[in-house]
1. If you count the DSSP beta bridges with both ends in region 75-185, what percent of them are antiparallel, to the nearest 5?
2. Whole-Hz Karplus ³J(HN,Hα) for region 313-330, in order, using 6.51 cos²θ - 1.76 cosθ + 1.60 and θ = phi - 60°, x for Gly and Pro?
3. Pairs LYS38/LYS322; LYS59/LYS246; LYS158/LYS345; LYS142/LYS345; LYS200/LYS318: which exceed 22 Å Cα-Cα?
4. Tilt of helix 3-20 relative to the longest C-alpha principal axis of the chain, in degrees (0 to 90, nearest 10)?
5. For region 253-284 and region 172-227, what is the centre-to-centre distance using only Cα atoms, to the nearest Å?
6. Would you grab the residues whose amide H sits under 5 Å from the one on ASP146? Only those 5+ places off in sequence or on another chain, please, with H modelled 1.01 Å from N.
7. Let me know the charge dipole size of the chain about its Cα centre in debye, to the nearest 20, where only the beta-carbon of Lys, Arg (+1) and Asp, Glu (-1) is charged.
8. For region 345-352, just list the computed ³J(HN,Hα) in residue order, Karplus coefficients 6.51, -1.76 and 1.60, θ = phi - 60°, integers in Hz, with x standing in for Gly and Pro.
Amino acid sequence: MTLVGALAVLFLLLALYCGFDPFGHSPIADFPEFEALKVDLPAWSDVPTDADSENLLQKSEIKFLNQVQGPESIAFDPLGRGPYTGVADGRILFWNGHSWTDFAYTSSNRSEICNPIASATPFSYVKNEHICGRPLGLRFDKRTGDLYIADAYFGLMKVGPEGGLATSLTTEAEGVPLRFTNDVDVDAEGNVYFTDSSTKYPRRNFIQLVFSGENSGRVLKYNPATGETTVLVRNVQFPNGISLSKDGSFFVFCEAAIGRLRKFWLKGNKAGTSEVLAILPGFPDNVRVNEDGDFWVAIHCRRYMYTYINGHYPQLRKFILKLPIPTRIQYLLQIGWRVHAMVVKYSPEGKLLQILEDSSGKVVRAVSEVEERDGKLWFGSVLMPFVAVYDLK
């Protein structure tokens, strides 16, 4: 066989391999009904280019290394105790000043499969998290001391100040089940606002949700007096973090797929309407208000032209996803080939006030949430086995 013939055969075999993906390496190999939608991305010229040239997040202190797996949300109770955090095995833990203790859990099934695993990573628990629970967003009601929990699989839940097994508050809205309950906040009257990131994909398929750009996400309100759950905003592409403003006149929520912070008015002439508060430099996770009324947003990664083009051309994105390229590689392509951390602070009017980064992921590799307390930023991460703390002073 000539060299040209050999190359032709090799090309044919490669084409067949890519076309049929015999080993199921494609991220969508097990999702025959997968559809890719156009993502409503803002113009590239509108994306902030501000950067932290000093990489100040590298000055953060890594705490509790390998003591907490995937601590997505960080919360302190009304008495100032904590932090509390939900971890990958389904428990909510409390730091008593000396050690981590079990505080609460969202699933009544605490069998052996839900036990902490030695030398585990946050990913070790994914296959059983629909059984063991996966607490994500946490918020305390400052009046009662009750802890509200957004569990990815069990919906909106609540547990009293003494902890224990959480009580289910709602698992559906308008007859549509909560599929991916993500974050939560509670106002001064006890009304609870929360996000359901998708009615199609559960959390364990969040990669497919990100890649699809599907828009079944919802922002909801639970009224504890009536037990009624209402949909405030619908058809959102991956709603994620949510936070009430300091005065309670509005809340903001993150549009993770688009990379925006959106404001929803609760009071005043604009009540019941929403508007874009800020276009973010990357794709957000959770958002938290501080004592000054400003909003800290955890950014999963910066925007890159590869992601921008993929968002605008869904058929191209689907073609690439069908190739036998492992999920990890596809994911790294989306985030610029490196895990890195960024947090940004915005005023209630949407002005960018501060940006902190670890652009190389040298110390803080990923951030899911930023909680400001007593001059320090506490970082949670659904991907990492630690909590990081940065001193603002």
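FYI, it's all coordinate maths here, none of it is from the lab. Since the structure is predicted, the reported quantities are computational estimates derived from the model, not experimental observations. A quick note on method: Cβ atoms are made from the backbone with ideal geometry, for glycine too, and the neighbour counts reach across all protein chains shown.
1. Details: 23 of 25 bridges.
Just about 90 percent of them are antiparallel.
2. Computed from phi, the couplings for region 313-330 are 10, x, 5, 5, 4, 5, 4, 5, 5, 6, 5, x, 9, x, 4, 4, 5, 4 Hz.
3. Values: LYS38/LYS322 17 Å; LYS59/LYS246 29 Å; LYS158/LYS345 29 Å; LYS142/LYS345 24 Å; LYS200/LYS318 17 Å.
Those over the limit are LYS59/LYS246; LYS158/LYS345; LYS142/LYS345.
4. 30
5. Going from one Cα centre to the other spans 16 Å.
6. The list, which skips near neighbours in sequence, is ASP141.
7. Working: 40 positive and 44 negative charges, 131 e Å.
Value, rounded to 20: 620 debye.
8. Result, ordered by residue: 10, 10, 6, x, 8, x, 8, 6 Hz.
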